[in-house]
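Please read the structure below before turning to the comments.
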Amino acid sequence: MTTGPTLTVGQYSTAGLKKDNEDSYGVQLPSSSDLETKGIAMVIADGMSAAEAGKEASESCVKSFLIDYYCTHETLTVKTAVTQILSALNRWLYGLGQSRYSSSKGMVSTFSALVMKSGIAHIFHVGDSRIYRKRDGDFEQLTTDHRTWGKNGKGYLSRAVGIDVNLDVDYRAEAIDDGDIFVFTTDGVHDFVNDNQIALLIDRAEKDCDVTAKTLADMALENGSTDNITVQIVRIDDVGSTDESAHLKKLQHLPFPPDLETGMVLDGYCIQRELYASNRGQVYLAINHETGERVAIKTPSVNFEDDPVYLELFIREEWVGKRVHSPHVLKVINHVGTRHFLYTVCEYVDGQTLTQWMADNRDPDMQTVRDIISQIARGLRAFHRREMVHRDLKPGNILIDTHGTVKIIDFGSTKIAGLDEITSPITHPEMLGAVNYTAPEYHLNISGTKQADIFSLGVIMYQMLTGRLPYGQGFKNKNSVHRLKYTPAYQLNGGVPDWVDAALQKAVHPDPRIRYTVLSEFLVDISQPNKKFVTRENAPLLEKDPVLFWKIIAIGLFLLCIYLVID
């Protein structure tokens, strides 16, 4: 867990010589839970003077951002969350401007925001308001003005929120240091006070941010500013630090359950029998005393009681399961009442793993395979929509119930983009899944994306159709990744169409850049022929029929030897 951060904020805004103040600004310091997962948000906006409702536009930008950002899913990265908010806000302002004022200048505003999360400043900017940073003796403008200049020398906004149906937002990420000072200004300030003057003022009066903000605004007025004037100063007193001992203590706040046996009651759950056991944990069938519902209870292994990586991954599984909702993902159940031990409660699935299913169905028909793969893909899509990568997709982590419904299980290895932005004292290995199903990039210590999950899905389908793996036992070490050679599926199963094999080869390609980018494309290509793929009839003979190829080579060499002997 982290301590801090702490900061000091100073703000001042005035209409100046204008009748109305169309500037808006704000800083949101959230609750402790959101502080870690979402960070601190700060923003400034300036309603366009020529707009019909500039004030309403700037207020909407600030309020919507500060409220909606903390409503976005905590699995999303800062960039994804803010981009989604700004895209929706832009469409709303643009549509409102068109309908209410019949003009693209109806509701338009600049927007400059900074989200401080885990020691990183995520900066989003469109328009000509500015964000500066003072660090030690350096004073730097972190944003770029989006202006065009007319023949009369007057500047006009070239980009802003609400000015067009499409929005192009600048983004950059910068590390934050203790003592950094961020200065937010509207053009009523920086058009009349140059950067050197602002930097000198910040140097001289940085102890009181409110006084500094007003002093800067007064200077802009003295220099002839005719616009609204807004200054927001945020001084980072302490970025915050990771408390390793507190983090481990947090993970260990609940003890491991004792060895469970039939008839025992654990926090209201009556244990029926053990379903599965390994050196990493146990799964039990249990009945909820209050509801009579059958559930599965997963308990951690005492072998890892002092292992922080294991503990964090075990807890992560429940966290992920409560946030991914799909009929094809195992449901994690919220425990009602006091919990005295560390465990996870899930829905009970009466069925078998895909590993067991493949052992019972060694020659499945193509349509059955497609149906199972399609269900797995729908489950994976639920992860990918939340910017998660499962990372441990394999037959043993897929359940098929008695009705044929397929569910993905085991989320402990899941990579969560939003949480990966948070500094942690615990370093997780990049490769956590089964060696024969994980993508080659993991073996090269390269972070996997959703293309890695698509690779695993392709391997599973290949195995269902052939009983083999596409690269054999090809992942012994890093060097073996570069020597991978794909074995066409139709060579092992003549019933596999060449176009299905081509789709499989693309899905499991060693280079993630060549694989499918989205699951839907893969599903389409295994359901109907893709004309872009080379058909078996047009393929080289070595690939189409290697046995015949080498027979021809052998006969050719034999005839050549006879010719040389006779000659």
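Quick look at the values:
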read-out: Enumerated strands (runs of 3 or more DSSP E) restricted to region 113-181, each holding at least 1 residues that are among the charged types (D, E, K, R), modelled with pLDDT of 95 or more and closer than 20 Å to Y25 by Cβ; value: 130-135, 170-175
read-out: Subset tally (residues that are over 13 Å from D46 (Cβ atoms) and either surrounded by 23 or more Cβ atoms within 10 Å (Cβ to Cβ) or touching a helix residue (DSSP H, G or I) at 6+ places or on another chain (Cβ under 8 Å) (or both)) for region 124-141; value: 5
read-out: Sole residue being more than 30 Å from V211 (Cα to Cα), surrounded by fewer than 18 Cβ atoms within 10 Å (Cβ to Cβ) and modelled with pLDDT of 95 or more, chosen from A88, A50, A81; value: A88
read-out: Region 305-327: number of residues that are surrounded by fewer than 19 Cβ atoms within 10 Å (Cβ to Cβ) and in contact with a Lys or Arg (Cβ under 7 Å, 6 or more places away or on another chain); value: 2
read-out: Residue that is in contact with an Asp or Glu (Cβ under 6 Å, 6 or more places away or on another chain), under 22 Å from I398 (Cβ atoms) and either without any contact (Cβ under 8 Å) to a residue 40 or more places away in the chain or of a type in the set (F, W, Y) (or both), where the choices are Y284, Y348; value: Y284
read-out: Test: residue in region 53-70 that is surrounded by fewer than 18 Cβ atoms within 10 Å (Cβ to Cβ) and among the β-branched types (V, I, T); value: yes
read-out: Any pair with Cβ under 9 angstrom, 6 or more apart, that starts in region 20-39 at a residue that is in contact (Cβ under 8 Å) with a residue 60 or more places away in the chain and within 26 Å of T230 (Cβ to Cβ) and ends at one that is surrounded by fewer than 17 Cβ atoms within 10 Å (Cβ to Cβ) and among the small types (G, A, S); value: N21/A15; E22/A15; E22/S49; D23/A15
read-out: Among (1) over 30 Å from E36 (Cβ atoms); (2) in contact with a Phe, Trp or Tyr (Cβ under 9 Å, 6 or more places away or on another chain); (3) at pLDDT 95 or above - the single one P327 does not satisfy; value: (2)
read-out: Qualifying residue in region 447-467 (condition: part of a loop (DSSP other than H, G, I, E, B), over 30 Å from the mean Cα position of the chain (by Cα) and at pLDDT 95 or above); value: yes
read-out: Any hit, region 144-159, residues being under 30 Å from I422 (Cβ atoms) and surrounded by 14 or more Cβ atoms within 10 Å (Cβ to Cβ); value: no
read-out: Filter result (within 33 Å of the chain's Cα centre (by Cα), farther than 20 Å from V349 by Cα and at pLDDT 95 or above) within region 245-293; value: none
read-out: Test: residue in region 120-127 that is among the small types (G, A, S) and over 24 Å from T77 (Cα atoms); value: no
read-out: Matching residues, region 490-507, being hydrophobic (A, V, I, L, M, F, W, C) and closer than 18 Å to I372 by Cα; value: V496, V500, A503, L504, A507
read-out: Qualifying positions in region 338-364 - closer than 22 Å to K407 by Cβ and part of a loop (DSSP other than H, G, I, E, B); value: Y343, Y348, V349, D350, N361, P364
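The values are calculated or read from the model by the stated rules, or taken from the named source; none is laboratory data. Fair warning: this is a prediction, and the values are worked out from it, not measured in the lab. Ideal geometry is used to build each Cβ from the backbone, glycine not excepted, and the neighbour counts take in all protein chains shown.
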